[in-house]
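Comments concern the structure below.
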Amino acid sequence: KPVTEPILCAAASAFDFGGPMVCDSHHYGEGHINDTFVVWRADHTKRFILQRINTDTFTDPAGLMENICGVTRHLRAKIQAEGGDPGRECLNVIPTLSGASYYIDTEGNAWRAYDFVENTVCLQQVGCEADFRTVAETLGKFQNQLADYPASTLHETIARFHDTPNRYANFEKALAADALGRAKTIAPEIAFIHARKKDCHVLLDQLAAGEIPLRVTHNDTKINNVLLDEATGKGICVIDLDTVMPGLSAYDFGDSIRTGANDCAEDEPDQSRVHFDLHLYEVFAKGYLSTAGSTMHTAEKRSLAWGAKLMTLECGIRFLTDYLEGDHYFHIARPNHNLDRARTQFTLVRQMEDVFDQMLEIVCPDNH
Ligand code: ADP
Ligand code: MG
Ligand code: MG
């Protein structure tokens, strides 16, 4: 559904921005989930982010905003106590004029607003190692600042998001149904997944056994969800908190590795161009542990390597499931697009398996 000018302007006048606003109806940034806009005070002294929440993906905007308000309140107190600048280092939710955390427009869509975090850059891919390390430190710090937040009070904004055994079960269902008769063309990929059935359980078994803790996790730890200072390159603010929910540190670590520790596109069709970069893994791991490591025991550190492998495997399983079901979840731009995506993830998994001992050693040097 497109956002029309009157809908956008009505949304802009619903929030407590401190004066009359002007809207720019062009989408801002490169996010793929929400509709993001910038609105200015009419005197151009200050701008804000105004977002229409994607309620196809996030069906409970009230629960989602409760999560974000709770987590940002907690972060703000921590940042203040550490002598930081909470106005910049944390998203600040702007309430509506009636004091609510979100607004429902005349079409029934939910909107929210944040202060615009000024003088930052949002990287779309890993340019240099130093930036990747900074992103890792910033995500680790975020994790650490939320270590004492009661994770179980958060709403699950997407049910069973990283429940890998459940993703596996959904794959088995899609395979049994084989709605488009595609299964016969992907025997190697099916065998690849079946050979890793046990692996899918590793992290949740460790959680159930009390070996690793439930944490507040971000669940979308791509580098474009961390803002860096434009002048110094320092890590400033973790954004895009829609998927903040109870989870495992291995999920956040793993998804950053999946998306950042290689130089190929997620849908690279030429598998000879897909390379898992163990050096970038190490760069990220050292940065992440430098800020988050102090709250982690051995088992949780070890679980990070598993997170890298399982987030990649899980993502591949989801792409292949969608391929079997007829490509109705992930947007495709060409035939076999989801199959290419799945193959790329599996190539990365295979390469991780080749160096898995080293991956464990890097996150847990003393004991693995
Ligand atoms: P999506 O879920 O669609 O990725 P994001 O919340 O990540 O939505 O927002 C999309 C983009 O908008 C971000 O990648 C970033 O460039 C920009 N952005 C979001 N929030 C802010 C903010 N508070 N200050 C500055 N830029 C922001
Ligand atoms: Mg984003
Ligand atoms: Mg998002």
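The values are calculated or read from the model by the stated rules, or taken from the named source; none is laboratory data. Computed from a predicted model, the values in this text were never measured in an experiment. Neighbour counts run over all protein chains shown; Cβ positions are idealised from the backbone, glycine included. These accessible areas exclude ligands, DNA and RNA; they are computed on the full protein's heavy atoms, side chains included. Shrake-Rupley method; radii C 1.70, N 1.55, O 1.52, S 1.80 Å.
Of all residues in the stretch 10-34, those satisfying the criterion of being in contact with a helix residue (DSSP H, G or I) (Cβ under 9 Å, 6 or more places away or on another chain) and within 12 Å of ligand 2 (Cβ to nearest atom) are GLY29, GLU30, GLY31, ILE33, ASN34.
One residue stands out in the stretch 198-222 among those that are closer than 22 Å to LYS301 by Cβ and touching a Gly at 6+ places or on another chain (Cβ under 8 Å): the one that is nearest to ligand 3 (Cβ to nearest atom), namely ASN219.
Being acidic (Asp, Glu) and over 20 Å from the mean Cα position of the chain (by Cα) is the filter; apply it to the stretch 150-204 and report the residue that is farthest from THR344 (Cα to Cα). Before you say what the answer is, go through the steps one by one.
Going through the stretch 150-204, the residues acidic (Asp, Glu) turn out to be 156, 163, 172, 178, 189, 199.
Adding the requirement that they be over 20 Å from the mean Cα position of the chain (by Cα) leaves 172, 178, 189, 199.
Details: GLU172: 20, ASP178: 22, GLU189: 11, ASP199: 19 Å.
Ranking the candidates gives ASP178 first.
The set of residues from the stretch 42-62 being away from ligand 3 (no atom under 16 Å from the Cβ) and either open to solvent by less than 40 Å² (accessible area, probe 1.4 Å) or of a type in the set (Ser, Thr, Tyr) (or both) comprises THR45, PHE48. Of all the criteria given as (1) open to solvent by 20 Å² or more (accessible area, probe 1.4 Å); (2) of a type in the set (Val, Ile, Thr); (3) farther than 28 Å from VAL238 by Cβ, the one not satisfied by THR295 is (3). Just a yes or no: is a residue in the stretch 17-28 open to solvent by 50 Å² or more (accessible area, probe 1.4 Å) and either under 21 Å from THR153 (Cβ atoms) or part of a helix (DSSP H, G or I) (or both)? There is no residue in the stretch 17-28 that is open to solvent by 50 Å² or more (accessible area, probe 1.4 Å) and either under 21 Å from THR153 (Cβ atoms) or part of a helix (DSSP H, G or I) (or both).
Tell me, yes or no, whether the stretch 255-262 has at least one residue that is part of a loop (DSSP other than H, G, I, E, B) and not hydrophobic (A, V, I, L, M, F, W, C). No, because not a single residue in the stretch 255-262 is part of a loop (DSSP other than H, G, I, E, B) and not hydrophobic (A, V, I, L, M, F, W, C). Hey, any hits in the stretch 53-73 for a residue that's free of Cβ contacts under 8 Å to residues at least 60 places away in the same chain and among the β-branched types (Val, Ile, Thr)? Yes, some residue in the stretch 53-73 is free of Cβ contacts under 8 Å to residues at least 60 places away in the same chain and among the β-branched types (Val, Ile, Thr). The set of residues in the stretch 103-122 that are surrounded by 15 or more Cβ atoms within 10 Å (Cβ to Cβ), in contact (Cβ under 8 Å) with a residue 60 or more places away in the chain and within 18 Å of ASN34 (Cα to Cα) comprises TYR103, ASP105, ASN109, TRP111, ARG112, ALA113, TYR114, ASP115, PHE116, VAL117, CYS122.
Each residue in the stretch 338-366 was checked for being open to solvent by 30 Å² or more (accessible area, probe 1.4 Å), closer than 18 Å to HIS194 by Cα and not charged (D, E, K, R), and 1 of them qualify. The residue that is most open to solvent (accessible area, probe 1.4 Å), among those in the stretch 201-226 that are under 17 Å from ILE33 (Cβ atoms) and not polar (S, T, N, Q), is LYS222. Screening GLY326 with (1) at positive phi; (2) surrounded by 19 or more Cβ atoms within 10 Å (Cβ to Cβ) gives one miss only, at (2).
Here is a yes/no grid of residues against (1) at pLDDT below 95; (2) more than 16 Å from ligand 2 (Cβ to nearest atom); (3) open to solvent by 10 Å² or more (accessible area, probe 1.4 Å); (4) not in a strand (DSSP E or B):
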| residue | (1), (2), (3), (4) |
| --- | --- |
| THR36 | no, no, yes, no |
| TRP40 | no, yes, yes, no |
| GLY83 | no, yes, yes, yes |
| SER98 | no, yes, yes, yes |
| SER101 | no, yes, yes, yes |
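Taking the criterion of being among the polar types (S, T, N, Q) and open to solvent by 10 Å² or more (accessible area, probe 1.4 Å), the residues of the stretch 244-268 that qualify are THR259, ASN262.
Residues that are among the small types (Gly, Ala, Ser) and open to solvent by 60 Å² or more (accessible area, probe 1.4 Å) were ranked within the stretch 123-172; the one that is farthest from THR312 (Cα to Cα) is SER152.
Pairs linking a residue in the stretch 230-255 that is closer than 20 Å to PHE116 by Cβ to a residue that is in a helix (DSSP H, G or I) and among the small types (Gly, Ala, Ser), with Cβ atoms under 8 Å and 6 or more positions apart or on different chains, are GLY233/ALA130. Among the residues of the stretch 192-225, those identified as polar (S, T, N, Q) and assigned to a helix (DSSP H, G or I) are GLN206, ASN224, ASN225.
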